[in-house]
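> Input: one structure, supplied below.
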Amino acid sequence: MLMHFPPQLPDRMERFYVQYIEDWALCNGLCMRDIDNSHAVHAPVTMFPTPFSKSGFEEALRIQCAFNELYFHAATHEEWLLGHLEEAAKHDDFTAKLIQIHKAAKAGQTQRLTGGLWRSDYIVNGSRTSLEGRQVKQVEFNTVSVSFGALASKVADMHEFLSHASRSWTGHGEVPQNTALKDLARGLANMHAGYKVAEIQHRQATHKTSTSAVEDEDDASIMDDPVVLFIVQPDETNVMDQRLIEFELVKEHDIVSYRISLAEVPDFVVRTNDNRLLHNPSGREIAVVYYRAGYAPSDYPTDVEWNAREMLESSHAVNCPSALTQLAGAKKIQQVLTDRSVLTKIAPSLSSDTVDRLMKTFVKIYPMDDSPEGEQGRYYALREPDHFVLKPQREGGGNNIYGEDIPEFLQSIPTESWAAYILMELIEPPKITNRILRAGKLQSGRVVNELGVFGTVMWDRNHNELLMNEQAGWLLRTKLQDSHEGGVAAGFGCLDSIQLMGPLKDDN
Ligand code: ADP
Ligand code: MG
């Protein structure tokens, strides 16, 4: 069906178009800090919103709440979860350390509520030459530090603006609005509200046994505007994506945030005797700890950072996410959940129809342990690696091993440690061409798109009850086909939005 994409701009229009993009981005916060952190540059973006299967897009949005529910179940089946990570933890220090933090903090973990801003990532599985046969297949499910919600909302707005500024490419397909920024901020606001309710109940319960004036004063201070604590990387360049959420929290919900790194926690956070967290120096109570760091080993260069994580985790504050919830997003857990019998056992609340739809988004994922399935995985990894990607238990891009590099890599590490990896079938995206503007320079070429759908969740740990479960907007990342990884911040990919195409006759 391929339409003429990307559209050809009339002669001498390109210059105006590029200027529109750069200035729109700078005016509206579609930016990042540059590497030396001194000023803002426009985020890398596509010139045009990429055509995307309407049915695939809509299905990915529709199924988000089911994925939220599934991972809620995974994150609350502690024994099951840790059991599946045991082998990986033997060979992967980072996984082992997160488990250790979870266990150490558990005794003091007095908060009733756990929160999550999550993202499920998909690539359309299509034929080599067109958008046909376009079913979304899950790349991974992220339960920690999901990024680009705010900037993705801005890109959709920018493409909408450009469609007015240059009429040359309008009329191909609908550019859907993206509410990720508002939705993610609302998710945090709901956690903040949940904390206040839980705290009032907690204090009323404990108040009955105490009448001291000091505690009365404490009771009063709870309503004195608790804050959200953003935990960020000290050298973060993707600052606007986070700041926009902070600004939205103030504007729409009257909630203030403070941002610090894990290393700064001892300086800026005080824990009270009853395990509440106070921001120092403002003295304001911390309702929600929102992690935009802490997902990679490099976020914990010393014990100071690990101790900080443990302290935040063992408190009343709603952790978004808890260490256990972060672990539920491990690649190993994603692999285990592709088995229908495991999935239905762990998430009995999902209807059989819903399970069918979840299963449709999975490609084959093999363990690399010495189970019979693992033997099969090892066979493919060593003998027929071309259609596979090997993944360790890591987040953040740049960690995977692809195709023919897999055997050599495996041979370079001890066989016992293979169990810490999973082997995933490669999803074959349809090939499409687009133009990318990065640091003021245009690049053209075949691109691959990855759709992310955000979800917001919160549950009561005491009753294993989901109190919030929402789909929260989307993200399209686009990378030139010759780069394996799609990390925008890492410099491989760019932000995009969507033109919905279809229904086409073979669109299912
Ligand atoms: P990370 O946690 O590092 O983001 P991902 O599983 O998302 O790890 O993999 C990183 C990138 O590798 C993805 O954004 C995608 O571009 C590519 N990738 C991962 N799995 C697949 C797959 N099964 N098929 C095709 N590409 C994949
Ligand atoms: Mg990813």
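The values are calculated or read from the model by the stated rules, or taken from the named source; none is laboratory data. Small disclaimer: the values here were computed from a predicted structure and weren't measured. So basically every Cβ, Gly included, is an ideal-geometry build from the backbone, and we count neighbours across all protein chains shown.
> Conditions: (1) closer than 30 Å to TYR291 by Cα; (2) near ligand 1 (Cβ under 9 Å from one of its atoms); (3) out of contact with any helix residue (DSSP H, G or I) (no Cβ under 9 Å at 6 or more places or on another chain). VAL389 meets all but one. Number of the miss?
That leaves (3) as the condition not met.
> Quick one: is ASP369 away from ligand 1 (no atom under 16 Å from the Cβ) and either surrounded by 14 or more Cβ atoms within 10 Å (Cβ to Cβ) or within 25 Å of PRO429 (Cβ to Cβ) (or both)?
yes
> Can you pull out every residue in region 354-382 that is assigned to a helix (DSSP H, G or I) and among the aliphatic types (A, V, I, L, M)?
Hits for region 354-382 are VAL355, LEU358, MET359, ALA381, LEU382.
> What strands (runs of 3 or more DSSP E), lying completely within region 1-103, carry at least 1 residues that are aliphatic (A, V, I, L, M)?
31-33, 40-42
> In region 395-411, how many are free of Cβ contacts under 8 Å to residues at least 60 places away in the same chain and within 16 Å of ligand 2 (Cβ to nearest atom)?
Restricting attention to region 395-411, the residues satisfying the condition of being free of Cβ contacts under 8 Å to residues at least 60 places away in the same chain are 399, 401, 403-411.
If we keep only those that are within 16 Å of ligand 2 (Cβ to nearest atom) too, we end up with 399, 401.
Result for region 395-411: 2.
> Of all residues in region 23-45, how many are at pLDDT below 95, in contact with a strand residue (DSSP E or B) (Cβ under 8 Å, 6 or more places away or on another chain) and not aliphatic (A, V, I, L, M)?
Total satisfying the criteria: 3.
> A further question follows. Going by the conditions given, is VAL256 free of Cβ contacts under 8 Å to residues at least 12 places away in the same chain and farther than 23 Å from LYS103 by Cβ?
no
> OK, next. For ARG435, are the conditions met, namely being away from ligand 2 (no atom under 16 Å from the Cβ) and either of a type in the set (D, E, K, R) or within 29 Å of THR179 (Cβ to Cβ) (or both)? Step through it out loud before you land on a result.
Values: away from ligand 2 (no atom under 16 Å from the Cβ): yes; either of a type in the set (D, E, K, R) or within 29 Å of THR179 (Cβ to Cβ) (or both): yes.
Yes; evaluated as a whole, the condition is true for this residue.
> Going by the conditions given, is LEU117 within 16 Å of ligand 2 (Cβ to nearest atom) and in contact with a strand residue (DSSP E or B) (Cβ under 9 Å, 6 or more places away or on another chain)? If you could, list the steps in order and put the result at the bottom.
Numbers: within 16 Å of ligand 2 (Cβ to nearest atom): yes; in contact with a strand residue (DSSP E or B) (Cβ under 9 Å, 6 or more places away or on another chain): yes.
Yes, satisfied.
> Counting only residues that are within 15 Å of ligand 1 (Cβ to nearest atom), under 21 Å from GLU174 (Cβ atoms) and modelled with pLDDT of 95 or more, give me the strands (runs of 3 or more DSSP E) lying completely in region 402-508 with at least 1 of them.
Here the list reads 441-460, 465-480, 493-496.
> Condition first: buried (at least 20 other Cβ atoms within 10 Å of the Cβ) and polar (S, T, N, Q). Now tell me which residues in region 419-478 satisfy that.
ASN434, ASN449, THR456, GLN471, THR478
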